[in-house]
1. Restricting attention to the range 38-53, which residues are surrounded by fewer than 15 Cβ atoms within 10 Å (Cβ to Cβ) and within 20 Å of E11 (Cα to Cα)?
2. Has the range 5-21 got at least one residue that is charged (D, E, K, R), surrounded by 13 or more Cβ atoms within 10 Å (Cβ to Cβ) and at pLDDT 80 or above?
3. Between residues in the range 7-25 that are within 15 Å of W46 (Cβ to Cβ) and residues that are small (G, A, S), which pairs lie under 8 Å by C-beta distance while being six or more apart or on different chains?
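The values are calculated or read from the model by the stated rules, or taken from the named source; none is laboratory data. These figures come from a predicted structure and were not determined experimentally. As a convention, Cβ positions derive from the backbone with ideal geometry for all residues, glycine included, and neighbour counts pool all protein chains shown.
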Amino acid sequence: MFLHNATTHSEIINYGIKPLNELMRLLEEELFPELSDLDTRETILWNEIRGKALAIENAMERIRLKNRSRTKPLPE
């Protein structure tokens, strides 16, 4: 399954946002090992992008949980 085949929030999270956040975490370790100079344009932009990706993942997870709580179990 790939992101372009995703049809649900769960699939978008699993095949799009989570891999993006993991890749960004790995790149962050390589590109910004110390992150001590937080005032550079690159680190500010990086933090903005990373923050947006994490916010998208969190928002989609909240929507998924909210939708899950709305579904009623099937009668037996």
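1. As a first pass, look at the range 38-53 and keep what is surrounded by fewer than 15 Cβ atoms within 10 Å (Cβ to Cβ): 38-42, 44-45, 47-49, 51-52.
Listed by number, the list holds a single entry, K52.
2. Initial filter on the range 5-21 (charged (D, E, K, R)): 11, 18.
With the extra rule that they be surrounded by 13 or more Cβ atoms within 10 Å (Cβ to Cβ), the set shrinks to 11, 18.
Those still in the list that are at pLDDT 80 or above too: 11, 18.
Yes: the range 5-21 contains one or more residues that are charged (D, E, K, R), surrounded by 13 or more Cβ atoms within 10 Å (Cβ to Cβ) and at pLDDT 80 or above.
3. Here the result reads L20/A53; N21/A53; M24/A53, each pair linking the range 7-25 to a residue that is small (G, A, S).
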